[in-house]
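The values are calculated or read from the model by the stated rules, or taken from the named source; none is laboratory data. Worth saying up front: this structure is predicted, and the values here are computed from it rather than measured. Glycine gets a Cβ as well: all are built from the backbone with ideal geometry, and neighbour counts include every protein chain shown. We work out accessible area using only protein heavy atoms, side chains counted, and drop any ligands, DNA or RNA first. Shrake-Rupley method; radii C 1.70, N 1.55, O 1.52, S 1.80 Å.
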Amino acid sequence: ATFRNGTAANHNSQSGTCPSSNDSPNGASISDADQASATDELAPSDTARILLAEDNEVNQLLARELLTRCGWNCDVVCNGVEALKALDKQSYDVVLMDCQMPLLDGYLTTKEIRKREAAGRIESGLAIVALTANAIQSDRQRCLDAGMDDYISKPFEMIQLRETVGRLLHERACV
């Protein structure tokens, strides 16, 4: 599979380096078995670039830790405006998009990304996954209607995040 960064090297994220202990920021332990299975199953042969748009620092740290343990590069931004700026500067394989962020929420940010894809300003086919605390069907549909490709409810677990991102990366590689 060829990913947007074109290399297998790990790059430090824009927000610094990832935590290295087996303890996640919220105090939950990530087992060695989970870590091993995260790198064994669904991990791409090349390192993918993932943009995390999330305003909550604890959620940022947890998601970055989980993504890094899966072998994927992760850049973090705090709102939709920063996400759009990051996409103007760098190509990504997947965006994990919090729905409720300041300045520009995930729904409007996703609609703008899709407009930019249609206009040829950014590469089309970017996978966008909603991250939201709302778990009812109408919220899921709102995410899909905004142009998001999938939906993960918070709090999420490592296996759920790994499987969703891994599936989307696999789908991109098969296109």
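Quick notes on this one:
- Loop-located GluC sites (Glu not before Pro) across segment 96-149 with a Cβ neighbour count of 13 or fewer within 10 Å are Glu123, with loop assigned by DSSP.
- Extension gain for the segment Arg167 to Ser91, taken as residue separation times 0.36 nm less the Cα-Cα distance, is 25.5 nm to one decimal.
- Label-to-label distance for Ser124 and Glu57 is 4.2 nm, based on points extended 7 Å past Cα in the beta-carbon direction.
- Between the listed residues Leu103, Thr164, Ser153, the Cα displaced farthest toward the positive end of the dipole of segment 96-175, a dipole computed from Cβ unit charges relative to the Cα centre, is found at Leu103.
- Taken along the Cα-to-beta-carbon direction at a fixed 7 Å, the label points for Lys115 and Cys174 span 3.3 nm.
- Leu104-Asp145 pseudo-label distance in nm [points 7 Å out on the Cα-to-Cβ vector]: 2.2 nm
- A convex hull fitted to the Cα coordinates of segment 77-147 yields 77 cubic angstrom per residue.
- Computed about its Cα centre, the charge dipole of segment 40-175 is approximately 320 debye, with only Lys, Arg, Asp and Glu carrying charge at their Cβ.
- Cys70, Cys78, ranked by accessible area, largest first (probe 1.4 Å): Cys78, Cys70
- Kirkwood Rh (inverse of mean 1/r, distinct Cα pairs), segment 46-175, angstrom: 14.4 Å
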